[in-house]
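Peer 1: Let me give you the structure first, and then I'll get to my questions.
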Amino acid sequence: MRTSKRARIWLGVAAIAVVVWALMPVVWIVSLSFKHGDDIDNKQFWPTQWSWDNYKTVFGTDLFTSALRNSLGISLIATTVSVVLAMFAAYAVARLDFPGKRWVLVSALAVSMFPAISIATPLFNLWREIGLYDTWAGLVIPYLALTLPLSMWTLTSFFRQIPRDLEQAAQVDGATTWQAFRRILVPLAAPGVFTTAILAFFIAWNDFVFGITLTSTDKARPVPAALAFFSGASEFQQPTAAIAAASVVVTIPVVVLVMLFQRRIVAGLTGGAVKG
Amino acid sequence: MTAISIQHLTKRYGDFTAVDDVSLEIADGEFMVLVGPSGSGKSTLLRMVVGLEDISDGDLYFGDQRVNDRAPRDRDLAMVFQNYALYPHLTVYENIAFPLRLHKVDGKEVDTKVRKVAEMLELTEFLDRKPANLSGGQRQRVAMGRAVIRDAHAYLFDEPLSNLDAKLRVQVRTQIARLQNQLGTTTVYVTHDQVEAMTLGDRVALLRRGTLQQVGTPRELYERPTNLFVAGFMGSPPMNLLPAEIHPDHLGLPFGDIPFDAARLPASLADEDAIIVGIRPEQLADASLLADEQRRHGATLKGRIDVLEWLGDEQMAYLPFEAPEAIHKQLTELQKELDSESDQTQLIAKLDGASKAREGDEIELWLEPGDLHLFDPAGTQNVTSELKPAA
Amino acid sequence: MSTIAASRAKPKPKPTPHLSDRAKAERRLGWLLSAPAVAVLLLVAAYPILNAAYLSLFDYRLTDPGSRAFIWFKNYQVILTDNIWWGDFATTLFITVVTVALEFAIGLGFAMVMNRTFVGRGFVRTAILVPYAIITVVAAYSWQYAFANDTGFVNTWLGTNLDWFGGRWSALFVICLSEVWKTTPFISLLLLAGLAQVPDELEEAALVDGASWWQRLWRVTLPNMQGAIMVALLFRTVDAWRIFDNPFVMTGGSNGTETVSILAYRQTVGRTEIGLGSAMSILLFLSVALICFIFIKLLRTDVGRVTKT
């Protein structure tokens with residue numbers, strides 16, 4: 001639809017406002033991370049002096065580096081497991097006919113509605129009993145409750161968008177099921193699987209509830225939970241700066257991912273309803 | 001030798017029967033067209049032949065081998081899908097080469113064959129492009145290329161022209177005809193367009209709601225339709241169907257009386273007081289253009305022209321008429337089934353371009369009574385051939 | 001006069017349904033492929049809930065396992081007659097209503113911006129998605145420090161000296177602000193999907209008919225997005241009701257900003273009152289189920305789009 005000159009000006013203003021609103025807190029925390037020492041209390045938006053001190057502190061602490069390692073490892077494992085399981089289920093729902101098909105997606109939807117704390121509290125007790133408390137496995141398992149539903153929903157909608165005709169044409173052309181899967185379905189599904197993996201990773205990376213409920217040491221504590229237990233470079237300093245620096249470090253990868261794959265992420269979350 | 005033998009094939013989805021006891025023999029090298037309105041089961045039948053649908057009942061033979069339970073991959077058939085089903089991530093070259101690659105054919109041989117097919121279909125300059133960058137007609141040809149390269153037992157086409165615009169459709173239609181002439185392979189072609197059926201088929205099989213209505217050459221279906229449905233389906237504009245009251249010496253039509261000896265009607269219609277009569281638009285002529293000699297020879301109908309379309313070398317005159325309610329319902333229901341939208345019963349006459357008729361005028365239409373098709377009231381039988389000879 | 005459209009003369013015997021080998025194989029494959037995912041879902045989600053339901057019937061303190069006793073529904077009775085529970089309930093309700101309403105309005109605006117083509121659309125979309133990707137805890141800290149009395153710039157900019165986190169309503173204000181900032185992208189994407197499906201022609205026809213921008217929005221666009229709107233509201237309401245990260249980090253739940261989730265956490269992990277904490281978890285779970293019920297059955301939200309097979 002043609003937008004009038006006036007509408008375009010409004011659009012421009014709105015776009016700028018949206019960008020400022022969206023990025024302001026991010027810029028703020030970056031700015032905080034560069035404030036050193038007492039500058040923290042300067043109550044201004046920008047630092048009076050830019051310094052890398054906080055980053056040095058943060059990378060010097062075991063707490064942060066082990067939290068980073070934990071988050072990375074646990075999130076990657078949970079993402080991989082989710083995507084693999086979801087891929088099988090999504091293929092079945094999108095392509096095959098079997099009774100109970102509808103319940104697969106309904107159960108995914110239902111589980112996504114469960115409050116995390118309602119799952120975490122019984123696990124707090126259970127994990128202590130069977131020794132999974134404060135372990136990587138103890139987090140990967142409940143993370144699946146967070147990542148599986150979205151993975152299943154996203155992958156199913158991706159698979160559905162691949163025309164059935166293609167596999168049928170391959171069959172008629174003489175392909176075995178495996179050949180059709182490998183030569184036709186896999187290349188076409190790859191972008192969808194990749195996008196789903198990104199979304200699942202975001203969810204796992206973001207978790208806080210399970211992180212603080214099911215861990216007690218830096219053996220398995222992921223970054224969001226670790227941030228809540230941060231202390232500063234010395235006992236007398238507020239952890240504010242350290243937290244800010246740590247926050248920036250864990251935010252960079254996700255921002256980069258968003259920048260690179262913005263289009264795919266939108267496609268994944270809107271089920272492909274929005275083009276480009 | 002019969003290439004494909006369809007014997008009493010039936011397809012059921014729960015309570016719904018899509019294909020009902022269809023039997024058809026397709027000879028080697030024959031171009032068989034399966035035609036019918038939407039929902040007639042023609043695509044389902046085709047898919048049963050290729051193996052993408054299970055057969056509920058009946059037998060399918062290729063030559064003397066029963067293939068009911070064979071997977072599509074083992075049937076050695078090539079298919080062109082309605083939406084082309086081109087692999088979007090492969091180039092045109094790779095799309096066409098795909099079947100060969102599956103069978104691990106040597107690279108050099110693949111290249112020779114692909115280029116030969118590309119040349120045949122005028123695709124050589126597009127070999128490096130991906131389907132997204134092709135026009136509809138070009139995609140169509142790639143789909144055909146992929147089918148043709150395999151040298152299969154038979155080619156199956158599932159409404160391949162329905163996604164093309166009118167002009168392109170005519171072009172590709174002739175290409176398909178030429179291709180089949182060149183290759184001489186058995187072809188089964190599904191379409192809802194009776195023009196394609198008439199122009200492409202060696203023989204045509206008309207389906208209605210899953211049942212076979214008539215099989216024969218296009219001419220046979222056009223000139224000797226076995227029932228009202230076939231009569232109304234073949235030909236564009238369609239055959240005019242009019243109610244006719246039976247009188248001892250004439251038939252009473254909405255536009256006039258046609259002299260006719262009722263004694264000629266077969267015994268099966270002895271108790272009826274009305275039948276349905278069919279006459280094709282081109283069999284009606286503007287009486288005023290005829291010499292008196294000729295005019296006396298036939299019969300005439302009079303009516304008022306509601307709409308007149310001038311098409312250059314011919315004109316189409318539309319004359320609406322009132323039919324008794326039951327017939328009106330019957331005829332409009334048939335029209336709906338034939339995928340036409342009209343709620344009105346009308347007579348269509350194809351007039352010579354020289355006719356001076358005008359909209360709103362009364363016109364006298366001449367016809368040869370021998371051209372009339374007579375149908376029983378239920379429309380299930382064309383009794384014209386059963387008429388006793390004129391006295 | 002008989003008619004053409006007559007049904008077949010001879011009645012066919014009702015066919016016995018039998019599956020071809022291929023259909024049976026397809027069924028088996030379908031079950032085989034979807035079973036692992038469903039099994040894991042049930043295991044990691046359903047099992048803990050059932051466990052919680054079981055434990056909620058006990059008076060069970062983790063640090064004193066010996067005195068564990070079966071007390072039927074006494075835990076529920078205690079909770080539902082406790083002021084703290086209802087206070088937190090009210091807080092959660094307030095946060096839910098306010099954030100969902102704001103997010104809907106702002107999200108709709110975002111969606112409308114994202115729906116138009118213009119130079120730099122990719123950049124704007126990236127910017128809009130960033131809050132979605134950021135860790136909630138990080139966002140919470142960012143907003144907290146911005147409003148904090150000792151480190152923040154908000155007081156400086158506004159020229160005030162307010163202790164934002166000292167009072168209930170000011171603290172809730174910041175919490176809602178942070179929550180809205182963080183989750184609007186998600187609802188805006190859901191609304192964008194709905195918006196993109198409204199055919200341009202409808203809006204153009206309204207334009208030709210003389211409708212103003214506001215009229216077009218209310219009379220043409222929104223009514224045609226109803227399905228997507230209801231689904232978006234359902235998801236967001238359920239999410240908002242479960243809010244935990246933001247208030248926990250910002251205030252720890254003090255000063256009347258505690259939500260139901262935080263309360264359940266405090267009972268279970270803080271006070272190791274497993275029985276009581278479990279009961280709260282169950283109540284939280286049931287309240288979410290109630291919200292779903294209201295949306296799906298009473299407001300006829302069609303989640304069929306998502307579950308359609």
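Peer 1: State whether the residues of the stretch A:217-231 include one that is surrounded by 23 or more Cβ atoms within 10 Å (Cβ to Cβ), hydroxyl-bearing (Ser, Thr, Tyr), on the phi < 0 side of the Ramachandran plot and away from chain B (no Cβ under 14 Å).
Peer 2: no
Peer 1: Specify which of the listed residues (B:Lys336, B:Lys350) is in contact with an Asp or Glu (Cβ under 8 Å, 6 or more places away or on another chain) and of a type in the set (Lys, Arg). First the steps, then the outcome.
Peer 2: Values: B:Lys336 fails: in contact with an Asp or Glu (Cβ under 8 Å, 6 or more places away or on another chain).
One residue alone meets the criteria, B:Lys350.
Peer 1: I would also like to ask the following. Can you report the number of residues in the stretch A:134-148 which are more than 8 Å from every other protein chain (Cβ to nearest Cβ), in contact (Cβ under 8 Å) with a residue 24 or more places away in the chain and at negative phi? Spell out how you get there, then give the answer.
Peer 2: Narrowing the stretch A:134-148 to residues more than 8 Å from every other protein chain (Cβ to nearest Cβ): A:134-140, A:143, A:146-147.
Then drop every residue that is not in contact (Cβ under 8 Å) with a residue 24 or more places away in the chain, which leaves A:134-136, A:138-140, A:143, A:146-147.
Now narrow it down to the ones that are at negative phi: A:135-136, A:138-140, A:143, A:146-147.
Looking only at that region, the number is 8.
Peer 1: Right, another one. If I filter the stretch B:65-77 for residues that are in a strand (DSSP E or B) and within 8 Å of another protein chain (Cβ to nearest Cβ), do I get at least one hit?
Peer 2: We begin by selecting, within the stretch B:65-77, every residue in a strand (DSSP E or B); these are B:65-66, B:77.
Next cut, within 8 Å of another protein chain (Cβ to nearest Cβ) only: B:77.
Yes: the stretch B:65-77 contains one or more residues that are in a strand (DSSP E or B) and within 8 Å of another protein chain (Cβ to nearest Cβ).
Peer 1: Turning to a different aspect of this structure: Identify, please: which residue in the stretch B:176-196 is closer than 14 Å to B:Glu30 by Cβ and of a type outside the set (Val, Ile, Thr) and is, among those, surrounded by the fewest Cβ atoms within 10 Å (Cβ to Cβ)?
Peer 2: Step one: filter the stretch B:176-196 for residues closer than 14 Å to B:Glu30 by Cβ, giving B:177, B:180-181, B:183-189.
Filter again for of a type outside the set (Val, Ile, Thr), leaving B:177, B:180-181, B:183-184, B:189.
Working: B:Ala177: 16, B:Gln180: 20, B:Asn181: 9, B:Leu183: 14, B:Gly184: 11, B:Tyr189: 26.
Applying the filter and picking the extreme gives B:Asn181.
Peer 1: Look through B:Arg141, B:Arg146, B:Arg203, B:Arg208 and report the one residue that is closer than 30 Å to B:Arg73 by Cβ, surrounded by 18 or more Cβ atoms within 10 Å (Cβ to Cβ) and touching a helix residue (DSSP H, G or I) at 6+ places or on another chain (Cβ under 6 Å).
Peer 2: Details: B:Arg141 fails: touching a helix residue (DSSP H, G or I) at 6+ places or on another chain (Cβ under 6 Å); B:Arg203 fails: touching a helix residue (DSSP H, G or I) at 6+ places or on another chain (Cβ under 6 Å); B:Arg208 fails: closer than 30 Å to B:Arg73 by Cβ.
Residue meeting the stated conditions: B:Arg146.
Peer 1: Sort out which residues of the stretch A:97-122 are in contact (Cβ under 8 Å) with a residue 24 or more places away in the chain and closer than 21 Å to C:Trp241 by Cα, and write them in order of number.
Peer 2: First pass over the stretch A:97-122, keeping only residues in contact (Cβ under 8 Å) with a residue 24 or more places away in the chain: A:104-105, A:108-109, A:111-112, A:114, A:116-117, A:119-121.
Hits for the stretch A:97-122 are A:Ala108, A:Leu109, A:Val111, A:Ser112, A:Phe114, A:Ala116, A:Ile117, A:Ile119, A:Ala120, A:Thr121.
Peer 1: Continuing with the same structure: Please tell me if B:Glu30 is at pLDDT 90 or above, crowded, with 19+ Cβ neighbours inside 10 Å and of a type in the set (Asp, Glu). Spell out the reasoning first.
Peer 2: Numbers: at pLDDT 90 or above: yes; crowded, with 19+ Cβ neighbours inside 10 Å: yes; of a type in the set (Asp, Glu): yes.
When the stated conditions are applied, B:Glu30 passes them.
Peer 1: Take the residues in the stretch C:168-213 that are in a helix (DSSP H, G or I) and β-branched (Val, Ile, Thr), then tell me which one is farthest from the chain's Cα centre (by Cα). Don't jump to the end; show me each part of the working.
Peer 2: Residues of the stretch C:168-213 that are in a helix (DSSP H, G or I), as a first pass: C:168-196, C:200-208, C:213.
Right, trim to β-branched (Val, Ile, Thr) and you get C:174-175, C:180, C:183-184, C:187, C:208.
Values: C:Val174: 20, C:Ile175: 17, C:Val180: 13, C:Thr183: 10, C:Thr184: 12, C:Ile187: 10, C:Val208: 39 Å.
It comes out as C:Val208.
Peer 1: Ok, one more. Give me the pairs: first residue in the stretch B:316-340 and part of a loop (DSSP other than H, G, I, E, B), second residue β-branched (Val, Ile, Thr), beta-carbon distance under 8 Å, and six or more apart or on different chains, which are they?
Peer 2: Every condition considered, the pairs that remain are B:Phe321/B:Thr345; B:Glu322/B:Thr345; B:Ala323/B:Thr345.
Peer 1: Tell me, which residue of the stretch A:106-116 that is at the interface with another protein chain (Cβ under 7 Å from one of its Cβ atoms) and touching a Pro at 6+ places or on another chain (Cβ under 6 Å) is surrounded by the most Cβ atoms within 10 Å (Cβ to Cβ)?
Peer 2: A:Ala108
Peer 1: Follow-up question, since we're still on this one. In the stretch C:237-254, is there at least one residue being surrounded by 22 or more Cβ atoms within 10 Å (Cβ to Cβ) and of a type in the set (Gly, Ala, Ser)?
Peer 2: Going residue by residue through the stretch C:237-254, those that are surrounded by 22 or more Cβ atoms within 10 Å (Cβ to Cβ) are C:240-251.
In the following step, the residues that additionally are of a type in the set (Gly, Ala, Ser) were identified as C:240.
Checked the stretch C:237-254: at least one residue is surrounded by 22 or more Cβ atoms within 10 Å (Cβ to Cβ) and of a type in the set (Gly, Ala, Ser).
Peer 1: Hey, could you check the stretch C:91-148 for residues that are basic (Lys, Arg) and either buried (at least 22 other Cβ atoms within 10 Å of the Cβ) or at the interface with chain A (Cβ under 7 Å from one of its Cβ atoms) (or both) and say which is nearest to A:Ile198 (Cα to Cα)? Break it down into steps so the answer makes sense when it comes.
Peer 2: Filtering the stretch C:91-148 down to residues basic (Lys, Arg) leaves C:116, C:121, C:125.
Checking the rest, the ones that are also either buried (at least 22 other Cβ atoms within 10 Å of the Cβ) or at the interface with chain A (Cβ under 7 Å from one of its Cβ atoms) (or both) come to C:116, C:125.
Numbers: C:Arg116: 26, C:Arg125: 17 Å.
Taking the candidates together, the pick is C:Arg125.
Peer 1: I want to confirm something. Restricting to the stretch C:264-283 and keeping residues that are more than 7 Å from chain A (Cβ to nearest Cβ) and not hydrophobic (A, V, I, L, M, F, W, C), which single residue is surrounded by the fewest Cβ atoms within 10 Å (Cβ to Cβ)?
Peer 2: Restricting to residues being more than 7 Å from chain A (Cβ to nearest Cβ) and not hydrophobic (A, V, I, L, M, F, W, C), the top hit is C:Gly270.
Peer 1: Can we say B:Val105 is part of a loop (DSSP other than H, G, I, E, B) and either polar (S, T, N, Q) or over 28 Å from B:Ile26 (Cα atoms) (or both)? Reasoning before the result, please.
Peer 2: Working: part of a loop (DSSP other than H, G, I, E, B): yes; either polar (S, T, N, Q) or over 28 Å from B:Ile26 (Cα atoms) (or both): yes.
In short, yes.
Peer 1: Any residue in the stretch A:149-169 that is within 14 Å of chain B (Cβ to nearest Cβ), buried (at least 23 other Cβ atoms within 10 Å of the Cβ), at pLDDT 90 or above and outside any loop (DSSP other than H, G, I, E, B)?
Peer 2: For the stretch A:149-169, residues within 14 Å of chain B (Cβ to nearest Cβ), buried (at least 23 other Cβ atoms within 10 Å of the Cβ), at pLDDT 90 or above and outside any loop (DSSP other than H, G, I, E, B): present.
Peer 1: Here is a further query. Scanning the stretch A:117-133 for residues that are in contact with a Phe, Trp or Tyr (Cβ under 7 Å, 6 or more places away or on another chain) and within 7 Å of another protein chain (Cβ to nearest Cβ), which turns out farthest from C:Ser281 (Cα to Cα)?
Peer 2: Just the residues of the stretch A:117-133 that are in contact with a Phe, Trp or Tyr (Cβ under 7 Å, 6 or more places away or on another chain), to begin with: A:117-118, A:120, A:127, A:133.
Then drop every residue that is not within 7 Å of another protein chain (Cβ to nearest Cβ), which leaves A:117-118.
Working: A:Ile117: 7, A:Ser118: 4 Å.
Filtering first and then ranking leaves A:Ile117.
Peer 1: Then there is this: Considering the stretch A:84-98 alone, what residues qualify as being more than 7 Å from chain C (Cβ to nearest Cβ) and either assigned to a loop (DSSP other than H, G, I, E, B) or surrounded by fewer than 24 Cβ atoms within 10 Å (Cβ to Cβ) (or both)? Break it down into steps so the answer makes sense when it comes.
Peer 2: To start, the set of residues in the stretch A:84-98 that are more than 7 Å from chain C (Cβ to nearest Cβ) comprises A:84, A:87, A:90, A:94-95.
Across the stretch A:84-98, the qualifying residues are A:Val84, A:Met87, A:Ala94, A:Arg95.
Peer 1: Something else now. Taking the stretch B:367-391, which residues are more than 14 Å from every other protein chain (Cβ to nearest Cβ), part of a loop (DSSP other than H, G, I, E, B) and of a type outside the set (Val, Ile, Thr)? Steps first, please.
Peer 2: In the first step, residues of the stretch B:367-391 are kept if they are more than 14 Å from every other protein chain (Cβ to nearest Cβ); the result is B:367-374, B:383-391.
With part of a loop (DSSP other than H, G, I, E, B) added as a condition, the list becomes B:368, B:372, B:383, B:387-391.
Across the stretch B:367-391, the qualifying residues are B:Glu368, B:Leu372, B:Leu387, B:Lys388, B:Pro389, B:Ala390, B:Ala391.
Peer 1: Same structure, new question: Inside the stretch A:191-207, can you point out the residues that are among the small types (Gly, Ala, Ser) and at pLDDT 90 or above? First the steps, then the outcome.
Peer 2: Filtering the stretch A:191-207 down to residues among the small types (Gly, Ala, Ser) leaves A:192, A:197, A:200, A:204.
Result: A:Ala197, A:Ala200, A:Ala204.
Peer 1: Continuing with the same structure: Does the stretch C:148-157 contain any residue that is within 27 Å of the chain's Cα centre (by Cα) and of a type outside the set (Gly, Ala, Ser)? Show your work before the answer.
Peer 2: Going residue by residue through the stretch C:148-157, those that are within 27 Å of the chain's Cα centre (by Cα) are none.
Looking through the stretch C:148-157, none of the residues is within 27 Å of the chain's Cα centre (by Cα) and of a type outside the set (Gly, Ala, Ser).
Peer 1: Still on this structure, I have one more. Do we have B:Phe157 as within 14 Å of chain A (Cβ to nearest Cβ) and not in a helix (DSSP H, G or I) here? Before you say what the answer is, go through the steps one by one.
Peer 2: Numbers: within 14 Å of chain A (Cβ to nearest Cβ): yes; not in a helix (DSSP H, G or I): yes.
When the stated conditions are applied, B:Phe157 passes them.
The values are calculated or read from the model by the stated rules, or taken from the named source; none is laboratory data. All of these numbers come straight from a predicted model, not from anything done at the bench. Heads up, the Cβs are rebuilt from the backbone with ideal geometry, glycines too, and the neighbour counts pull from every protein chain shown.
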